[in-house]
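Okay, so here's the structure we're looking at.
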Amino acid sequence: MTDKSPNQNQGCLYGVGVGPGDPDLLTIKAQRLLQRVEVICFTQLDDGRESYALSVVRDSLNIVQPEFISITVPSDDSPVSEQTWRDAASRIGAHLEQGRDIAFITEGDPMLYSEFSHLLESVRSAFPDQPVEVLPGVSSIMAAAASSGTPLVTHGQRLAILPAVYGIDDLREAITNYDTIVLMEVNRTLLDALANLEKLGLAGKAIYVRRATTESEEVVQNIGNLTEEDFDYFSLLIIKR
């Protein structure tokens, strides 16, 4: 996606997917961009932990000295306020109006369950003529399928991607209507729902993948062995009907 602006003196806002965690999965186009933009923007948890996206690309920045803009977001999974995104858009807009290009980096792909969508909405609202370009990245879903050796779908099959499971009825409906279900952000609620997999005839047909492509990657074929300590924000479950 590229939005062109009549004002060629404006900088461009880039949404850059940096992949699931392995720096080698950063696309060549993204790497080239990150080594030339003047400003790099990212979300930062309020508990002080380093931005995951920044940790992926940090080695790619060793020959450049970009300015960083961090957007602080809650670490307790509560929604990010609209004011946070408006403030971020204002800060970013000031640089763009000076002709400086900005790359907003995000894990996975910018257009799939990414905070970039919220920032993009705020920037478009405040600066409707602002040029924007999106550089896609490898999603954790594709990475998990590759790490586990699990084809997601073949010809004629249907795939559902759910951000969370809110109860067994939601899971039952998805299993009824789709051949493969990918459940994002495995958590306690999901663990409770998984206790019912045997009733749904899916025992042994679910694969858990944690931090795919990283040094701490974990692929669990028997989800009955999972404990709450195994869960991670960067995890997902692949269920085959």
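The values are calculated or read from the model by the stated rules, or taken from the named source; none is laboratory data. All values derive from a computational prediction rather than experimental measurement. Virtual Cβ from ideal backbone geometry, glycine too; neighbours counted across all protein chains shown.
Within segment 131-156, which residues are in a loop (DSSP other than H, G, I, E, B), out of contact with any strand residue (DSSP E or B) (no Cβ under 6 Å at 6 or more places or on another chain) and either crowded, with 16+ Cβ neighbours inside 10 Å or among the β-branched types (Val, Ile, Thr) (or both)?
Thr154
crowded, with 16+ Cβ neighbours inside 10 Å and within 17 Å of the chain's Cα centre (by Cα): does that describe Val37?
So Val37 fails the test.
Looking at (1) assigned to a helix (DSSP H, G or I); (2) touching a residue at least 40 places away in the same chain (Cβ under 8 Å); (3) polar (S, T, N, Q), which is the only condition Ser55 fails?
Result: Ser55 passes all but (2).
Just the residues that are surrounded by fewer than 19 Cβ atoms within 10 Å (Cβ to Cβ) and out of contact with any strand residue (DSSP E or B) (no Cβ under 8 Å at 6 or more places or on another chain), please, taken from segment 11-34.
Once the filter is applied, which keeps residues that are surrounded by fewer than 19 Cβ atoms within 10 Å (Cβ to Cβ) and out of contact with any strand residue (DSSP E or B) (no Cβ under 8 Å at 6 or more places or on another chain), segment 11-34 yields Asp22, Pro23, Asp24, Ile28, Gln31, Arg32.
Tell me which residues, restricted to segment 38-65, are closer than 17 Å to Tyr233 by Cα and of a type in the set (A, V, I, L, M, F, W, C).
Leu45, Ala53, Leu54, Val56, listed by residue number.
Restricting segment 61-111 to residues that are loosely packed, with under 14 Cβ neighbours inside 10 Å and at positive phi, which is modelled with the highest pLDDT?
Gly99
With respect to Glu185, determine if the residue is within 23 Å of the chain's Cα centre (by Cα) and modelled with pLDDT of 75 or more.
yes
Residues to consider are Ser75, Ser114; find the one that is under 13 Å from the mean Cα position of the chain (by Cα), in a loop (DSSP other than H, G, I, E, B), closer than 20 Å to Thr214 by Cβ and not β-branched (Val, Ile, Thr).
From the options Ser75, Ser114, the qualifying one is Ser114.
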